[in-house]
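The values are calculated or read from the model by the stated rules, or taken from the named source; none is laboratory data. What you see is a predicted model; the values in this text were computed from it and never measured. Cβ: placed from backbone, ideal geometry, glycine included. Neighbour counts: every protein chain shown.
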Amino acid sequence: MTITPQDFATRETPLQAADRFGAALGFAPGALWIKRDDLTGLAGGGNKARKLEYVCTEAVISGADILVTGGSMPQSNQISAVAAAANRIGMRTRAVLPGPVPSRLEGNLVPSHLLGVEYVWLEEVPTQGMQWAIHREVEQLLGRGHRPYEIPLGVSSPVGSLGYVTAALEIEAQAPDRSIVYHATGTGGTQAGLAVGFGEHARVRGVDTGTPWNVAEVVDELSVAVAQVAGREKPCGEAEVLTDQVGRGYGVPTEQAREAIELLARTEGILCEPIYTGKALAGLIADRRSGRLAPDQATVFLHTGGMSLLYTSECARWLSQRS
């Protein structure tokens, strides 16, 4: 089935040269670029916008009346993006999140509140995990006569990942030939879509942000399903996920991420946050310093958004500390 995407996202996001940042790392002029998918325009921007364009079309076709999703932490970037997309197609949003009801609104909770999210807070997350909790909420809504559409963590379904098949084609048209793309990978959908779009896994280096599953295996399996939905050949090779930036786990910032965030901000005026994009940027830096990335290797950092995470009291405390 051909899926015509909704028109939510700002496509053809800029690909900006990062020569000052690159010079600090020993890249040759013109070798390092940043794909600004933090500017996709839906709610706070980020990579979810491209995915939701396809997912919401499928939700409309299915006759759904409510989108049901969730996040791995209360400050999930996904929730406000889903809610904004739901409002664009005239649906409600139910979000399942771990933890007690927050005592105040900050970070991602502010736009989510404005967008009308209906929260389900779980002080005890089921042993099966958040994805199972989302599915359980869908089953309960079905039992009450609703027509829910389930959106997985990361919007990482085969249909959602189509958004990054088309993003890969954008990068091909904008970037130097045979560029290698670095990005944060958690649930695997962005990486799977890029690999299908490029036709090979070797062009994509995901940086593991600490999610508790084998991301490379997920990407390999998902990319086969994405290719089938896209009507393309499955990508050659195997997924590559860098695991050296996880630190103490998901949601825990690292000193490497702090250095990466500060260096990019002070050379290019571009902000990243510490949970996803900061760790991904640190992975790129580590590969350049180790010599794995040659000075003249055309390299793209895919900025996947998440800026609201910067504007939390927890992040402010971390930024003010020094080890």
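Assorted remarks:
- Condition broken by ARG266, with the remaining ones in (1) over 23 Å from THR13 (Cα atoms); (2) of a type outside the set (Ser, Thr, Tyr); (3) free of Cβ contacts under 8 Å to residues at least 40 places away in the same chain satisfied: (1)
- Residues in segment 257-296 that are under 20 Å from THR185 (Cβ atoms) and of a type in the set (S, T, N, Q) were compared, and the one that is nearest to the chain's Cα centre (by Cα) is THR277.
- Lone qualifier among SER223, SER320 - being over 30 Å from PRO29 (Cα atoms), among the polar types (S, T, N, Q) and surrounded by fewer than 16 Cβ atoms within 10 Å (Cβ to Cβ): SER320
- Only a single item in (1) part of a loop (DSSP other than H, G, I, E, B); (2) surrounded by fewer than 18 Cβ atoms within 10 Å (Cβ to Cβ) is not met by SER76, and it is number (2).
- Of all residues in segment 55-65, those being buried (at least 18 other Cβ atoms within 10 Å of the Cβ) and either small (Gly, Ala, Ser) or more than 19 Å from ALA9 (Cα to Cα) (or both) number 2.
- Among the residues making up segment 20-36, a single one is charged (D, E, K, R) and either part of a loop (DSSP other than H, G, I, E, B) or touching a His at 6+ places or on another chain (Cβ under 6 Å) (or both): ARG36.
- Of all residues in segment 204-220, those being at pLDDT 95 or above and surrounded by fewer than 14 Cβ atoms within 10 Å (Cβ to Cβ) number 1.
- Test: residue in segment 298-321 that is part of a loop (DSSP other than H, G, I, E, B), touching a Pro at 6+ places or on another chain (Cβ under 9 Å), among the aromatic types (Phe, Trp, Tyr) and modelled with pLDDT under 95: no
- Any hit, segment 126-136, residues being under 23 Å from the mean Cα position of the chain (by Cα), part of a loop (DSSP other than H, G, I, E, B) and at pLDDT below 95: yes
- From the options GLY63, GLY71, residue that is within 26 Å of LEU122 (Cβ to Cβ) and in contact (Cβ under 8 Å) with a residue 24 or more places away in the chain: GLY71
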